[in-house]
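Any read-out appearing in this document is the output of simple, stated calculations on the displayed coordinates, not a laboratory observation. Values in this document were obtained by computation on a predicted structure and should not be read as measured data. Every residue, glycine as well, gets a Cβ built from its backbone with ideal geometry; the counts of neighbours run over all protein chains shown.
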Amino acid sequence: MKIREGNDFNVTWLIMQDELTPLNTEGIYDETLILVFGKIEKEITSGITRTGNSIRLEITPALAPYRGQYRIEWRYKQPDPAFYRGYRNRAIDANLFTIVDSSYQSDDIFDFTMTTILSQ
């Protein structure tokens, strides 16, 4: 999605194991969401709602101040007795949106959903 610089917008990120199966989020803890622009990483600490495999984010100009491509990273731990610590570190990422400098370049959308499918 292309978003005009200076606009607030909402993104709902759906994470699927495959085309039909939502990601299993049972027992997930120590979650961190990071917005990435080039080599700049910002932890998102507010405006987040996660329900199962769906993460809704409120993006403001202060959170995404630069023109260009942004991506999102979700880092978390999930219980797994197969690992000696009893949990598995996980990270999922996706290209999320692009900030553009003029309205004619934007998609004129302020609330959108994107889906990441892990096994294709």
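Could you tell me whether TYR29 is surrounded by 14 or more Cβ atoms within 10 Å (Cβ to Cβ) and without any contact (Cβ under 8 Å) to a residue 60 or more places away in the chain?
So TYR29 does not fit the description; no.
Can you confirm whether GLY52 is over 26 Å from ILE99 (Cβ atoms), surrounded by fewer than 16 Cβ atoms within 10 Å (Cβ to Cβ) and small (Gly, Ala, Ser)?
On the way: over 26 Å from ILE99 (Cβ atoms): yes; surrounded by fewer than 16 Cβ atoms within 10 Å (Cβ to Cβ): yes; small (Gly, Ala, Ser): yes.
Criteria met by GLY52.
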The lone exception for PHE37 - which of (1) more than 11 Å from the chain's Cα centre (by Cα); (2) under 28 Å from ASP80 (Cα atoms); (3) surrounded by 14 or more Cβ atoms within 10 Å (Cβ to Cβ); (4) without any contact (Cβ under 8 Å) to a residue 40 or more places away in the chain it fails: (2)
Test: residue in segment 40-56 that is in contact with a Leu (Cβ under 7 Å, 6 or more places away or on another chain), aliphatic (A, V, I, L, M) and assigned to a loop (DSSP other than H, G, I, E, B): no
Every residue from segment 77-113 that is charged (D, E, K, R), part of a strand (DSSP E or B) and loosely packed, with under 14 Cβ neighbours inside 10 Å: ARG88, ASP93, ASP111
THR25 vs. criteria assigned to a loop (DSSP other than H, G, I, E, B), of a type in the set (Val, Ile, Thr) and either out of contact with any strand residue (DSSP E or B) (no Cβ under 9 Å at 6 or more places or on another chain) or within 20 Å of TYR87 (Cα to Cα) (or both): yes
